[in-house]
Amino acid sequence: MSSLPKPSAEALAHSQNLLSYIRNHIDQYDGWLSFADYMADALYAPGLGYYTAGSAKFGGAGDFITAPEMTPIFGRVLARQVIEAFQHTARHVLEFGAGSGKLALDILRELAALGQLPDRYYILDVSADLKERQWQTFQHDLHLLKHVEWIDQIPESFNGVVLGNEVLDAMPARLVHHTEGGWLERGVIWQQDQLAFEDRPLSHPSLIAHCETLDVSAPYLTEISLTNRGFIKSLADHLRQGIILLIDYGFGASEYYHPQRDQGTLMCHYRHHAHGDPFFLPGLQDITVHVDFSAIAHTAVDHGLDFLGYTTQAMFLLGGGLQSVLAECDQTVPKTWLPITNAVQKLTSPAEMGELFKVIGLGKGVSYTPSGFSYGDRSRSL
């Protein structure tokens, strides 16, 4: 990892503090921690994890760039999907994992411009640091801030629109390893003064059940996110009426567990460098896994949600009104128009985010299909 940027002395000390925290956690679990627990510590340990500490994460100064950071066009298109949903459900929005708050701001600006502000825009984020950043994002739009409310848990009964952009990929996942002797779970140990992997027999009933459904040849390493499934179940339990739109990178099961994807999808992001070592500078890098959208869809339906659609990000944006939004932009000024076209190209190009990123729509008690799913139906791949 010598090619990656060097951290400051302060950042390195922070990472060492988190490493001590993780070592203690490993000791508490008799020397072996599931990778999901390790990932949870690395990302969300109070005051120390990647998302709960104070380092920059989004945009040019951070470790990666999400769609809302590229251009407000993304949020403007989503806003029109929200307006569409308001014709069928309550005028409430609940966004999970709002990052810097840029998506929320862009959506609310567009809703205000179109005279369609919600009764309430709820943000649920586990990070106190990010909540503060989100609040700061709205400081030049205080008239919109009065519509925003930060909450700490899913409302007991929610009616409206649920949004999540790049939320599922940051949820802890377990690593499983198919060997000639059967399935094993890959966990984390402390060995020779460093973190290391160690495989153990499966013990979690849900993990065993899922592995039994996978038809892959040994050796095969992959991820299973029980946390994703739990999240969808919680949404099903709390959504009384409305729609859910989740946007993330991932595949249907047949592609997720493709024979050539025998090393899984685990990926780390550090200062705009992508690599595969989850033990590199804990707390200073993002750790992600791609989303198994088949598991998301099946879990949703099994727990009472309706399946509304599944397509690529490119097709969703096109179906959701991208061309109309672009037509409203001033195309005569290259200085402002060219950055817009460059960003849209990244969002929609198959070689960039257009194909890898997918959108899944779920609902309860609604009888319409969001227009974002008008083109490029991918539901057969689930």
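Percent of alpha carbon pairs in region 102-249 separated by more than 29 Å?
Values: 4197 of 10878 pairs.
Beyond 29 Å sits 39 percent of the P(r) for region 102-249.
Kindly report the accessible area of region 71-154 per residue (heavy atoms of protein chains, probe 1.4 Å, no ligands, DNA or RNA), in Å². Walk me through the numbers on the way to the answer.
Details: 3320 Å² over 84 residues.
Ligands and nucleic acids excluded, the figure is 40 Å² per residue.
Say R0 is 25 Å: what FRET efficiency, to the nearest 0.05, do S349 and F280 get from their beta-carbon distance?
Values: r = 29 Å, r/R0 = 1.17.
Approximately 0.30, to the nearest 0.05.
What size of dipole, in debye to the nearest 20, comes out for the chain about its Cα centre when the only charges are +1 on Lys and Arg C-beta atoms and -1 on Asp and Glu C-beta atoms? Can you show the working numbers first?
On the way: 26 positive and 43 negative charges, 189 e Å.
Using only the charged Cβ atoms, the result is roughly 900 debye.
Between Q136 and L338, 0.36 nm times their residue separation minus their Cα-Cα distance comes to what? The partial results should precede the final answer.
Details: separation 202, 0.36 × 202 = 72.72 nm, distance 2.79 nm.
That pair, Q136 and L338, stretches by 69.9 nm at full extension.
Of all DSSP beta bridges located in the chain, what percent are antiparallel, nearest 5? Before the final figure, lay out the partial values.
Details: 40 of 64 bridges.
Of the beta bridges lying entirely in the chain, close to 60 percent run antiparallel.
What distance in nm separates the two pseudo spin-label positions at E149 and H298, each 7 Å out from Cα along the beta-carbon direction?
Label-label distance for E149 and H298, simple model: 3.7 nm.
Between region 209-228 and region 264-293, what's the alpha-carbon centroid distance in Å?
The distance from the Cα centre of region 209-228 to that of region 264-293 comes to 19 Å.
List the residues, sorted by chain then number, that are 5 or more residues from A90 or on another chain and whose placed amide H is less than 5 Å from its amide H.
Placed amide hydrogens put G160 under 5 Å from A90.
Kindly report the accessible area of region 237-321 per residue (heavy atoms of protein chains, probe 1.4 Å, no ligands, DNA or RNA), in Å².
Working: 2810 Å² over 85 residues.
It amounts to 33 Å² per residue over region 237-321.
Can you pull the percent of the chain's accessible area that's carbon plus sulfur, 1.4 Å probe, other chains left in place?
Numbers: 8290 of 16330 Å².
Carbon and sulfur: 51 percent of the exposed surface of the chain.
Longer than 21 Å from Cα to Cα, which of K146/K233; K102/K146; K233/K364 are they? Say none if no pair is. Don't jump to the answer; show the numbers that get you there.
Numbers: K146/K233 31 Å; K102/K146 16 Å; K233/K364 13 Å.
Too far apart for the 21 Å limit: K146/K233.
Report, in deg cm²/dmol and to the nearest 500, the calculated mean residue ellipticity at 222 nm for the chain, where each DSSP H run with n ≥ 4 adds -39500 (n - 2.57) and the sum is divided by the residue count. Don't jump to the answer; show the numbers that get you there.
Values: 14 runs with 136 residues, N = 382.
After summing the helix terms and dividing by residue count, I get -10500 deg cm²/dmol.
Taking a quarter of the surface of the convex hull around the Cα atoms of the chain, what do you get in nm²?
Working: hull surface 78.3 nm².
Dividing the Cα hull surface by four gives the mean projection, 19.6 nm².
Give the long-range amide H neighbours of G354: residues separated by 5 or more places, or on another chain, with amide H under 5 Å away, using H modelled in the peptide plane at 1.01 Å from N.
Long-range HN contacts for G354: T348, S349.
Based on the Cα coordinates of region 236-354, what is the per residue volume of their convex hull in Å³?
Values: hull volume 20.7 nm³, N = 119.
Considering the Cα atoms of region 236-354, their hull volume per residue is 174 Å³.
The values are calculated or read from the model by the stated rules, or taken from the named source; none is laboratory data. On a predicted model such as this, the values are computed, not experimentally measured, just so you know. Cβ coordinates were reconstructed from backbone atoms using ideal geometry, including for glycine residues, and neighbour counts include every protein chain displayed. Ligands, DNA and RNA are excluded from the accessible area calculation, which covers all protein heavy atoms including side chains. Shrake-Rupley method; radii C 1.70, N 1.55, O 1.52, S 1.80 Å.
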